[in-house]
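The values are calculated or read from the model by the stated rules, or taken from the named source; none is laboratory data. Just so it is clear, the structure is predicted and the values come from calculations on it, not from any experiment. Cβ sites come from the backbone with ideal geometry, for glycine too, and all protein chains shown count toward neighbours. Only protein heavy atoms, including side chains, enter the accessible area calculation; ligands, DNA and RNA are left aside. Shrake-Rupley method; radii C 1.70, N 1.55, O 1.52, S 1.80 Å.
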Amino acid sequence: MTSIQESLPFKLGVLRPGMAAEVIGLNLNQAIDDGLHQIILETFYKFPVLVFRDQTLDKRSQIDFSEGFGALEGHVNRDFRSDGFPAVHEVSNLDLNTGKPTAKLENRGNYHWHTDKSYLLTPSLATLLHAVTLPPEGGDTQFAHMGEAYDALSNEKKDEIASLRMVHSWEQTRIKSGSKLATAQEIEDAPPVVHPLVRTHPETGRKCLYIGTHASHAADMVRGVGEALLEELQIFATQDRFVYSHIWRPGDLVMWDNRCLLHRATESYDMAKHVRLMHRTVVRGDAPV
Ligand code: OGA
Ligand code: MN
């Protein structure tokens with residue numbers, strides 16, 4: 001781990017070059033002014049996974065910090081619990097009826113590589129996930145860098161996919177991930193949308209593959225052909241060389257950039273025995289171009 005940029009108002013430790021860094025010595029309970037938000041954003045463009053260590057944020061403070069980056073989103077899935085703070089989703093392996101940990105989750109989408117809310121016309125810019133209760137070990141979150149994956153494609157492949165558009169669908173993703181099926185209301189709230197397969201990051205200008213489990217098929221191709229292409233790209237783009245696995249520590253708040261990353265939860269702990277509870281806020285982004 002190297003510490004860089006002595007001029008920053010916090011200590012920055014690189015966890016994975018060009019992708020993940022930890023921020024040490026910043027208390028996010030304190031008001032973060034516009035200048036500091038800007039410094040965090042500039043750091044975020046260099047490291048799309050930012051790990052703020054040693055935080056003890058309640059829901060209110062997590063909302064305040066997250067809102068500094070833009071408007072927050074609700075969720076199409078009406079199952080998420082919120083206790084008075086609808087902008088904070090509780091991501092957990094708790095059974096909603098018994099309140100006990102379970103390995104039989106109704107929401108399985110998080111365990112497949114995805115980018116948050118790509119089934120919306122304006123998908124998520126950033127997601128902030130705060131560890132509230134962690135299992136003794138495991139329950140890591142993995143991230144794959146879609147800019148690095150794009151760069152590593154052959155020139156022929158880049159030409160082939162340059163102008164393709166993909167359909168992203170909440171209804172399809174629920175079927176594919178073996179989750180509880182989307183309700184009629186959810187399908188009405190989130191009908192299928194079309195996004196470019198290669199998107200340009202609006203801040204860094206970097207081209208990134210925009211894929212993941214919500215991407216269902218190509219808008220302008222025979223269905224099976226587009227599905228096969230997505231499968232091929234997904235396998236290529238999630239190779240170990242593009243991946244950072246985050247091992248959670250108590251107090252971590254991880255903020256990631258959905259415009260240039262895929263991510264997934266892992267089942268690497270005894271889910272029937274241990275609780276994993278995270279508080280999640282999501283910043284709305286722009287339509288991908
Ligand atoms: C999410 C998500 C992964 C995890 O909150 O969007 O995918 O490890 N979470 O909980
Ligand atoms: Mn997610």
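Extension gain for Glu231 to Glu160 (0.36 nm times residue separation, less C-alpha to C-alpha distance): 24.0 nm. Of all lysines in the structure, the ones whose alpha carbon falls short of 24 Å from that of Lys157, not counting any fewer than 8 places away in one chain, are Lys207.
I'd like the Kirkwood hydrodynamic radius of the stretch 2-284, using the inverse of the mean 1/r over distinct C-alpha pairs, in Å.
Taking the inverse mean of 1/r over all distinct Cα pairs, the stretch 2-284 comes out at 19.4 Å.
Take the chain, mark every one of the trypsin sites (Lys or Arg not before Pro) that falls in a DSSP loop and has at most 14 other Cβ within 10 Å, then report the longest stretch left between them, sites excluded.
Values: sites that count: Arg78, Arg81, Lys104, Lys180, Lys273.
Formally, the longest exposed-site-free interval is 181-272.
Skip the ligands, DNA and RNA, and give the accessible area per residue of the chain with a 1.4 Å probe, whole Å².
Here the residues of the chain average 45 Å² of exposed surface.
Roughly how far apart, in whole Å, are the Cα centres of the stretch 180-253 and the stretch 101-117? Each part reduced to its Cα centre gives a spacing of 14 Å.
Here the 3J(HN,Hα) profile of the stretch 7-19, calculated from phi with Karplus coefficients 6.51, -1.76 and 1.60 at θ = phi - 60°, is 7, 6, x, 8, 8, 10, x, 6, 9, 7, x, x, 9 Hz, Gly and Pro shown as x.
How high is the relative contact order of the chain, in percent, counting Cα pairs under 8 Å that sit 6 or more residues apart?
32 percent
Ligands, DNA and RNA left out, the 1.4 Å accessible surface of the stretch 2-284 is 51% carbon and sulfur atoms.
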